[in-house]
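What follows is a single structure, written as structure tokens, with notes after it.
The values are calculated or read from the model by the stated rules, or taken from the named source; none is laboratory data. This one's a predicted model, so the numbers in the text were calculated from it and none came from an experiment. Cβ placement follows ideal geometry from the backbone for every residue including glycine, while neighbour counts extend to all protein chains displayed.
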Amino acid sequence: MAVKSKLKVYIFVGAVLLSTKMDADPIYLDYQASTPVDPRVLEPMLPYFTKECGNPHSTTHIYGIRAHKAIEKARNEVARVINAEPQEIIFTSGATEANNLAILGTSRALKEQGKSEIISVIIEHKSVLEPLKALEKEGFKILLLSVQKNGIIKIEDLKKALTPKTALVSVMAANNEIGVLQPIREIAKLSHEYGALFHTDAAQAFGKIALNVRKDQIDLLSLSGHKIYGPKGVGALFIRKGIPLIPISYGGGQEKGLRPGTVPTPLCVGLGKASKIAQEELSSESQRLLNLRNKLLDLLQKNLTEVVINGDLSKRLPGSLSLSFKGVDSHSLLSNLKGIAVSGGSACTSDRSDLSYVIRALPHDNNHPSAIIRLSIGRFTREEDIDKAAFEIISVVKSLRKKGLKGGSCSCQPPEIKEFK
């Protein structure tokens with residue numbers, strides 16, 4: 001009972017710190033961008049910033065030994081979430097570094113075996129797309145698959161793109177902007193049939209949906225701490241035992257020589273604890289977030305006309321919504337939403353330079369709405385926050401429509417399958 005009460009206090013404190021720190025603070029609904037550190041995560045981290053100052057690679061004394069043990073415990077906690085072996089987890093500075101290491105490291109290693117083609121998807125995170133551009137300059141052939149209107153690839157397109165020369169297929173588990181889930185198990189199985197490795201950027205999915213690297217046949221998986229109520233500046237890469245990988249940086253040989261540099265003990269401890277909590281609470285928290293998301297969507301659809309959901313509604317993260325509002329300009333909508341903190345997606349119009357390539361990749365007609373916002377609900381979101389957020393969005397959209405602040409439309413279409421130019 002005492003333990004349960006303590007956990008409830010931690011959650012309450014976290015919610016209070018985030019939602020009511022200052023009266024002027026907006027309601028935070030941008031959990032896909034970043035999450036606050038859970039007080040339960042912060043507590044075990046604190047000693048390693050001060051008295052537990054040992055270098056985890058200096059194991060000739062007790063300080064280094066304790067730091068080393070703390071890191072190995074964290075490695076175990078991360079591995080358990082995805083059913084990996086602890087030795088298959090390499091700590092990084094985040095998912096961006098993990099993506100770079102996975103894509104550059106494996107592709108360069110496999111090129112020596114005559115495999116020089118890589119397949120990915122047009123709506124991947126930039127930390128996947130940019131390394132691919134770098135590899136193209138090294139002579140790799142890069143193929144980007146398009147997506148359907150629901151944001152999900154066609155398995156038939158992947159099958160057409162695969163060849164015996166395919167080294168790697170990299171497809172994110174959940175999209176960072178629209179929250180849509182890709183069929184990674186099916187993708188991995190097909191990739192292996194052609195002798196290709198499969199990597200997934202799971203920064204948004206890790207700790208939010210069930211992931212099993214064995215059953216899902218994943219060869220490499222990237223994850224990040226600050227998406228699951230852990231600290232910024234730490235992440236990890238799962239590398240299945242036996243996968244060929246060349247390091248992309250060099251130094252003292254830490255992390256099996258694949259990621260040199262002193263491993264940050266407090267950050268790893270935080271990632272481990274955040275992973276443990278996410279695993280323990282995944283089922284109940286997923287249902288809670290889904291209920292809140294459905295309530296928010298229901299309120300908006302009942303009180304506003306022409307509300308469009310970007311991406312598949314059922315195959316998406318439980319706390320994620322990407323919505324478009326016809327007849328409203330994105331800039332006007334976001335600048336008038338004072339009481340909630342959300343992210344925007346740019347309209348697909350020819351006269352804007354800041355187009356969202358993810359939204360632009362979704363096939364749509366000429367009447368595609370121009371005002372796009374990403375609403376992401378998280379651990380410290382309360383039901384009253386949803387009520388207040390819905391009320392504000394409804395009020396602002398109705399006001400802007402009444403004033404006639406409309407946006408444009410477009411007819412742009414993504415390519416079916418393309419190479420980088």
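Of the conditions (1) part of a loop (DSSP other than H, G, I, E, B); (2) more than 24 Å from residue 216 (Cβ to Cβ), residue 65 satisfies every one except a single condition; which number is it?
Going through (1) part of a loop (DSSP other than H, G, I, E, B); (2) more than 24 Å from residue 216 (Cβ to Cβ) one by one, residue 65 breaks only (1).
Considering only residues that are touching a Pro at 6+ places or on another chain (Cβ under 7 Å) and crowded, with 22+ Cβ neighbours inside 10 Å, look in region 72-104 and name the one that is nearest to residue 224 (Cα to Cα).
99
Test of understanding: among 64, 14, which residue is modelled with pLDDT of 95 or more and buried (at least 16 other Cβ atoms within 10 Å of the Cβ)?
Selected residue: 64, the only one of 64, 14 that is modelled with pLDDT of 95 or more and buried (at least 16 other Cβ atoms within 10 Å of the Cβ).
Can you report the number of residues in region 109-148 which are in contact with an Asp or Glu (Cβ under 7 Å, 6 or more places away or on another chain) and part of a strand (DSSP E or B)?
Total satisfying the criteria: 4.
Considering each residue of region 28-60, count those that are in contact with a strand residue (DSSP E or B) (Cβ under 7 Å, 6 or more places away or on another chain) and either part of a helix (DSSP H, G or I) or not aliphatic (A, V, I, L, M) (or both), and give that number.
Residues flagged as in contact with a strand residue (DSSP E or B) (Cβ under 7 Å, 6 or more places away or on another chain) and either part of a helix (DSSP H, G or I) or not aliphatic (A, V, I, L, M) (or both) within region 28-60 amount to 4.
Results for (1) part of a loop (DSSP other than H, G, I, E, B); (2) aromatic (Phe, Trp, Tyr); (3) buried (at least 21 other Cβ atoms within 10 Å of the Cβ), shown as yes or no for each residue.
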{"residue": "236", "(1), (2), (3)": "no, no, yes"}
{"residue": "246", "(1), (2), (3)": "yes, no, no"}
{"residue": "249", "(1), (2), (3)": "yes, no, no"}
{"residue": "261", "(1), (2), (3)": "yes, no, no"}
{"residue": "270", "(1), (2), (3)": "no, no, yes"}
{"residue": "275", "(1), (2), (3)": "no, no, yes"}
{"residue": "299", "(1), (2), (3)": "no, no, no"}
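Considering (1) buried (at least 24 other Cβ atoms within 10 Å of the Cβ); (2) over 30 Å from residue 271 (Cα atoms); (3) of a type in the set (Lys, Arg), say which one residue 208 fails and leave the rest.
(2)
Only one residue in 296, 282, 290, 313 is of a type outside the set (Ser, Thr, Tyr), modelled with pLDDT of 95 or more and closer than 13 Å to residue 178 by Cα. Which one?
Only one candidate passes the filter, namely 313.
Matching residues to (1) out of contact with any Pro (no Cβ under 6 Å at 6 or more places or on another chain); (2) crowded, with 22+ Cβ neighbours inside 10 Å; (3) over 24 Å from residue 214 (Cβ atoms):
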residue	(1), (2), (3)
150	yes, no, yes
167	yes, yes, no
186	yes, no, no
203	yes, yes, no
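Tell me whether region 38-57 contains one or more residues that are polar (S, T, N, Q), touching a residue at least 60 places away in the same chain (Cβ under 8 Å) and closer than 29 Å to residue 209 by Cα.
Looking for residues that are polar (S, T, N, Q), touching a residue at least 60 places away in the same chain (Cβ under 8 Å) and closer than 29 Å to residue 209 by Cα, one finds none in region 38-57, hence no.
Looking only at region 340-385, filter to residues that are acidic (Asp, Glu) and more than 25 Å from residue 318 (Cβ to Cβ); which one of those is modelled with the lowest pLDDT?
Among residues in region 340-385 that are acidic (Asp, Glu) and more than 25 Å from residue 318 (Cβ to Cβ), the one modelled with the lowest pLDDT is 351.
So the check is Cβ under 8 Å with 6+ separation or different chains; which pairs have a first residue in region 156-169 that's touching a residue at least 12 places away in the same chain (Cβ under 8 Å) and more than 13 Å from residue 145 (Cα to Cα) and a second one that's in a helix (DSSP H, G or I) and among the small types (Gly, Ala, Ser)?
Pairs found: 166/191; 167/107; 168/107.
Restricting to region 171-184, what's the tally of residues that are assigned to a strand (DSSP E or B) and either surrounded by fewer than 24 Cβ atoms within 10 Å (Cβ to Cβ) or without any contact (Cβ under 8 Å) to a residue 24 or more places away in the chain (or both)?
Within region 171-184, residues that are assigned to a strand (DSSP E or B) and either surrounded by fewer than 24 Cβ atoms within 10 Å (Cβ to Cβ) or without any contact (Cβ under 8 Å) to a residue 24 or more places away in the chain (or both) number 1.
List pairs: first in region 130-146 and within 25 Å of residue 156 (Cα to Cα), second aliphatic (A, V, I, L, M) and in a strand (DSSP E or B), Cβ under 6 Å, 6+ apart or cross-chain?
Close Cβ pairs satisfying both conditions: 132/142; 136/142; 140/118; 142/118; 143/119; 143/417; 145/121; 145/417.
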